[in-house]
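Read-outs: derived from the displayed coordinates by stated rules, not from any lab. Since we're looking at a predicted model, the values are computed, not measured. Please note: Cβ atoms are built from the backbone with ideal geometry, for glycine as well, and neighbour counts cover all protein chains shown.
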Amino acid sequence: MIKGIAAIRGGGDVATGIAHKLFRSGFKVLILEVEKPTMVRRTVSFGNAIFDGETVVEDVKSIRVHSLDEIFQMWKDGYIPVIVDRDCSILDEIEVEILIDATLVKRNLGLHRDMAAITIGVGPGFNAGEDVDVVIETNRGHNLGKLIFSGYAKSDTGVPGEILGFSKERVLRAPCDGIIKNILDIGDRVKKDQIIAYVEEEPVKASIDGMLRGLIRNNLKVEKGLKIGDIDPRGQRKYCFTISDKARAIGGGVLESILYLKKIDWGEC
């Protein structure tokens, strides 16, 4: 086992907040993604490198790779490698010290404690002390980023975080199954009832005024009800291209959990 390697399942905005925090703290970060990730906040998602080859979030670059040799080269060059690996098969080739599931699918997709020296589940679906060593709370509020060593994080409320009094209104969802065709892009200012995209022939309209902070990649296949966009009523364009407060808090919780577990288990800090 090479100490300091942290593999993260998922490359969305929260996973990116974690990856960014660990990378800047000196860890060798590896992101494991699916072939066609449905990221909404693409501009702050390292997983976007799957489509574009590379992406930069707050001065840290991720690059898509295809082999173990490329992974080690990216670490040598000072980048975060991103590889398509739904089933964590790369772990058969490299023994990581830390494995983090930040897919936020609200269920355990097969993570278990013997997969790495430290295992971390982000959000609901993981039983701390059984499935993983620690769970990080992702529900907004007083306990956001809290370390849980026994039991589960809070269940998904289904209610998006409130910004300027808006909650569910901020979220855009697919009106039907089909291929999405984007009319606007992240960073565009929108007005209520303005058409943002189409899924097949069905329009996706803004329900409030604001800034389009997130929008799923053009031409992806989506299912009815899937979250495909995010409107920020604050209207600050810079928020579209920077890591959110929630992702930073969760990233801080992950870093704390790693340092805490290393300290109590191996006497390190």
Worksheet, complete the sentence: Under the 7 Å Cα-to-Cβ spin-label approximation, residue 167 and residue 130 lie apart by a distance in nanometres of 2.9 nm
Worksheet item: How much length is gained on full extension from residue 91 to residue 185, taking 0.36 nm per residue of separation minus their Cα-Cα distance?
Response: 30.2 nm
Fill in: Partners for residue 192 among lysines (Cα-Cα distance below 28 Å; same-chain residues under 8 apart left out)
168, 181, 205, 221, 224, 227, 238, 246
Practice prompt. Report the residue, chosen from 14, 40, 135, that carries the largest GNM mean-square fluctuation when the chain is represented by alpha-carbon nodes joined by springs under 10 Å.
Written response: 40
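Given contacts defined as C-alpha pairs under 8 Å and at least six residues apart, what's the relative contact order of the chain, whole-number percent?
The value is 19 percent.
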Worksheet entry | Filtered GluC sites (Glu not before Pro), the range 163-231: DSSP coil and at most 15 other beta carbons within 10 Å | 200, 201, 223
Worksheet item: Alpha carbon centre of the range 71-127 versus the range 192-253: separation in Å?
Response: 26 Å
Discussion item. Counting just the Cα atoms, what span does the chain cover along each of its three principal axes? Round to the nearest Å and put the largest first.
Written reply: 57, 40, 31
Item to complete: Please tell me the relative contact order of the range 39-138 in percent, rounded to the nearest whole number, where contacts are Cα pairs under 8 Å and at least six residues apart.
Response: 16 percent
Fill in: Of 171, 204, 105, the one that fluctuates the most in a GNM where the chain has Cα springs shorter than 10 Å
105
Practice prompt. Among the aspartates and glutamates, select those whose C-alpha is under 17 Å from the C-alpha of residue 36, and discard any that sit fewer than 8 residues away in the same chain.
Written response: 13, 52, 54, 85, 87, 177, 223
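222 nm [θ] for the chain, helices only, -39500 (n - 2.57) per DSSP H run of 4+, per residue, to 500?
Result for the chain, helices only: -5500 deg cm²/dmol.
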Worksheet item: Can you give me the relative contact order of the range 168-233 as a percent, contacts being Cα pairs under 8 Å and 6 or more apart?
Response: 44 percent
